[in-house]
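What follows is a single structure, written as structure tokens, with notes after it.
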Amino acid sequence: MHILSFSSPEATLESAGGKGTNLVRLARAGFRVPPGFIISTEAYREFVNANRWLATIQSVVENLSAEDASALEKASAQIRAAFVVGKMPDDIESTIRTAYAKFDNKPVAVRSSATAEDLPDLSFAGQQDTYLNVIGIDQLLEAVINCWSSLWTARAIGYRIRNGIDHHDAALAVVVQEMVQSESSGVLFTANPLSGLRSESVIDATFGLGEALVSGQVEPDHYVVDTLGNKIISKTLGAKKISTRSRVGGGVEVIEENAKARQVLSDENILHLGTIGQKIQKEYNFPQDIEWALSEDKLYILQSRAITSLYPLPKESFDPLIIWFSLGAFQGMLGAMTPLGQDTLRMFFSIAGKMFGAQIRYDETEGVVPAGERLWIKISDVMRNPLGRRVYRTVLGFGEPSVGQILGKLADELRLRAGEAHLKFSTVRAILGFLLPILPRAASSIHDPEKTRSGFNAFIESQLIRPNITGDDKFTRLAQRLQFMEERAAAALYEVFPRFAPVLGPAIASLAILTRITSNDNKGQTDHGFSMTALEVTRGLPNNVTTEMDLALWRTASDIRADRDSLETFLASDALTLASRYLNGTLPETAQKAIANFMTQYGMRCVGEIDIGQPRWREEPTSIMQTLQSYLQIPPDMAPDVLFERGAKAAEETIEKLALTARRQPSGWLKERMVRGTARRIRVLMGMREAPKFFLVRMLGIVRNELLASGQEFADAGIIEKPEDLFFLHFYELQALANQELRDRKSLIAERHNIYEREARRKQIPRVLVSDGRTFYEGLGVLADTDTVISGSPVSPGVAEGNVHIVFDPRGAQLAPGEILVCLGTDPAWTPLFMAAGGLITEVGGMMTHGSVVAREYGIPAVVGVHQATTRLKDGQRIRIDGTAGKIVVL
């Protein structure tokens, strides 16, 4: 099977590579593809084995870094030099000669087709070599070997490393096609690759062959087509100073063109190309990046691959327009979620919808939907509603102001404004049904906030129940656990939220009143509407479970420091060893006991903790060990408990200052009482902001433990590989497993793992998605920023100078005291790092997100919603962060 035809059923990704497989598919679908054949990956493997290079290749690329360009180039040169002197096996050469004989020595194009190329999720575009206008068998055989060796270009090696592709699994086929001597050629994107807009096709076109265009040597014509209306939106003629043409005797040459005034494609051909592109997109059911050539008025398709830079949409729609915002942006969790993690949150949201009269199954709700292994919240219906517009703008102002900024621009679009909704009677009734029981509780909170806080805490504890599992076999036990998860655990939010709203609501209202009282303060208000003076009252807040967790971890570090054996062990060991010893129970007694006490209270937490599929600290404590080692470096005068008390004292001083100022004003006695009353409610109730999340995480911890118990049973039975694999199945698939339905779950789980890992590598996550394909990534200040002054949303007052420490995953991070923590976003599992940090900068977040709340309590300045903070700032850079003005100055 060294030679495959374009109609061969054996032409698969494994045998024909990405490019070959796509050409076979296009030919079968009836598109005009230049005739040819494919030299299979089996031929490549036989060539490598016959020359005995496999061990050499593996030793050369072992331990290479994708960022070490010189090492990649050196390894590539060494491997490719070996290919040049290699001998092609006789049987392979013979089959190539036979296949080429049918071309009667006509010129051919010889293209590389790797198994990890032109895939739906990885394009690998331009990683391997192409040889054009190859004439004669000797040139062809040489070109084939050169294509094989191009699997080991420096860029291909680095690309595989960055995307977690095993070099051993990579192989390369070679596509040989009749050469199209094109008058013009180029690329067509069936969606706008910059904006993501699915209704626009973008064409780049140049004269001659496409080589000069794809290599960046020529400025092409640029056409944009409205595919819905089948009309040309814009045409920009490029300089087209040169073109690539076939040379007599083989190969190509570059000639002068200077064709700036000449349009490469006629308007008719532009529209025709756009129509063909839409047909190809329909074949693949995803926007495509297409290489094309025009010769003798015939349009040839040379390749088609997915536009992998586009973020997947929950649903494509142009009318009505649908808009979603990222749940992860609000939660400070931008990573991918496991399938069961997505289902669990959708279940919680679906059941919580009962509060407003909505009765929708979790897997049918359109309000919270998955895309790119993350969850998105539909906001367009709210934006269409007159009352909803006012509400969402207020909420987003302190929840995620950069999302609010983006939505503000979209709100006036005609497709969104068309058919504006008004409140229905049923909606009003549902809202009143939710609000009326809350009002008496809110009044009680205002009158006696201490009683409200303690009552809410007691209620939460009463809701934390565990299932009674009594099944006789593993299938029945799994069914019982799933029933508990769906009927009891998911319903907990429905029970908790109506009692939480009258706790936090008066606290936020009090903060707004205090802002109004301090409206003349020269620090002014911010994009979230609260003055910095009012926010200073929230420093050192008591009763915040996240702050209490961090201080408990600090006390754990203090216990370790006070014990000689424990301290020496932590100073002499790496975090992985410490974690292993803790799990084995072999740490020094003091350390073992102190950490165990901490885990009893907080071991169910972790990074990305709202995803039930994420391993908890009690399962993987390495990050806790790293944080403890970091705490041992903190000097006594910078101890977190000292800083926390200092923050609480500063808050009390601010209250006294505001009360004194109020007393001196007309009706001062009344204003002073208002200041003290609102400040008291803020101090007593605002810390409860984290309580429902902590309750949710504890409930998830209970359910996760139960599912892991089932997972162990099914792993022991050989149905899955390991207990954690259950989290890579959807809820309905677990129900099918409990019903003993026969399926190959191991293959399905392996596929889900690959999808999860691919999405976890995605660098940039949009804040907002639009159903026409547009994606919005920008944070605050994107237009006004300079090279040295960067802006965001000020959420924690104060000014600090320090060195930048960029962190993408807290599980591998240790902060030196005083460093400025810069990251994409934070959830509570990040906050132990705050103890050492001098300041906080995040790309997402708002005034009420976890990181902002805790930063204020610790008294460290914080600026959030900063556009591309993790790429614009660099490790070690000295900066000044102003959490009052929302400015970052590069020093």
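For ARG390 and GLN601, FRET efficiency with R0 = 41 Å and r from the beta-carbon atoms, rounded to 0.05?
Values: r = 41 Å, r/R0 = 1.00.
Here the calculated transfer efficiency is 0.50.
Here the label points at ASP381 and SER454, each 7 Å from Cα along the C-beta direction, are separated by 4.2 nm in the simple model.
Leaving out ligands, DNA and RNA, and with a 1.4 Å probe, what % of the accessible surface on segment 641-772 is carbon or sulfur? Walk me through the intermediate numbers first.
Numbers: 3110 of 6080 Å².
Ligands and nucleic acids excluded, carbon and sulfur reach 51 percent.
One chain, two ends: ALA77 and GLU253. Fully extended at 0.36 nm per residue, the span grows by 60.8 nm beyond their Cα-Cα distance. Among 503-511, 752-760, sorting by the average number of other beta carbon atoms lying within 10 angstrom of each residue, highest first, gives 503-511, 752-760.
Sorted from greatest to least, the principal axis extents spanned by the alpha carbons of segment 741-818 come out as 61, 41, 22 Å.
Tell me, what is the per residue accessible area of the chain in Å², probe radius 1.4 Å?
42 Å²
Name the shape class, rounded, prolate or oblate, that the alpha-carbon gyration tensor gives for segment 580-736, where a ≥ b ≥ c are the square roots of its eigenvalues, rounded holds for a/c under 1.5, and otherwise prolate holds if a/b is larger than b/c and oblate otherwise. Judged from the Cα gyration tensor, segment 580-736 comes out oblate (a/c at least 1.5, b/c at or above a/b). Give the lysines reachable from LYS102 as a straight Cα distance under 29 Å; neighbours fewer than 8 places away on the same chain don't count. Of all the lysines, those that pass the test against LYS102 - Cα under 29 Å, at least 8 places apart if same chain - are LYS19, LYS87, LYS298. Just the protein heavy atoms count here, and of the accessible area of segment 229-295 at 1.4 Å, carbon and sulfur take up 49 percent.
For the chain, the fraction of alpha-carbon pairs lying more than 54 Å apart is 23 percent, rounded to a whole number. Residues in segment 367-373 carry Karplus couplings, in order, of x, 10, 10, x, 6, x, 6 Hz; the curve used is 6.51 cos²θ - 1.76 cosθ + 1.60 with θ = phi - 60°, and Gly or Pro positions show x.
Rounded to the nearest Hz, the phi-derived 3J(HN,Hα) couplings of segment 93-105 under the Karplus curve 6.51 cos²θ - 1.76 cosθ + 1.60 (θ = phi - 60°) are 4, 5, 5, 5, 4, 5, 5, 6, 4, 5, 8, 6, 6, where x marks glycine and proline. Listed values for segment 841-855 are Karplus-derived 3J(HN,Hα) couplings in whole Hz (6.51 cos²θ - 1.76 cosθ + 1.60, θ = phi - 60°), namely 10, 10, 7, 10, x, x, 5, 10, 6, 3, x, 5, 4, 5, 4, and x replaces Gly and Pro.
Between the helical axis of 425-435 and the longest alpha-carbon principal axis of the chain there is an angle of about 50 degrees. Solvent-accessible area assigned to carbon and sulfur over segment 17-136 amounts to 51 percent, based on a 1.4 Å probe. Between TYR494 and ASP875, the simple label model (points 7 Å from Cα in the Cβ direction) yields a spacing of 4.8 nm.
Gain on full extension, evaluated as 0.36 nm per residue between ALA784 and GLN263 minus their Cα-Cα distance, stands at 183.8 nm. Under 17 Å from a label point set 7 Å out along the Cα-to-Cβ vector of GLU316, the amide N atoms of segment 773-799 belong to 773-775. Within the same chain, lysines fewer than 8 places from LYS260 are excluded, and of the rest, those with a Cα less than 18 Å from its Cα are LYS235, LYS240, LYS241. Legend: calculated FRET efficiency, PHE808 to GLU589, from the Cβ-Cβ distance at R0 = 35 Å, rounded to 0.05, equals 0.45.
The values are calculated or read from the model by the stated rules, or taken from the named source; none is laboratory data. Note that the coordinates shown come from a computational prediction; the quantities given were computed from them, not determined experimentally. Note that each Cβ is placed from the backbone with ideal geometry, even for glycine, and that neighbours are counted across all protein chains shown. Quick note on the areas: whole protein, heavy atoms, side chains included, nothing else; ligands and nucleic acids left out. Shrake-Rupley method; radii C 1.70, N 1.55, O 1.52, S 1.80 Å.
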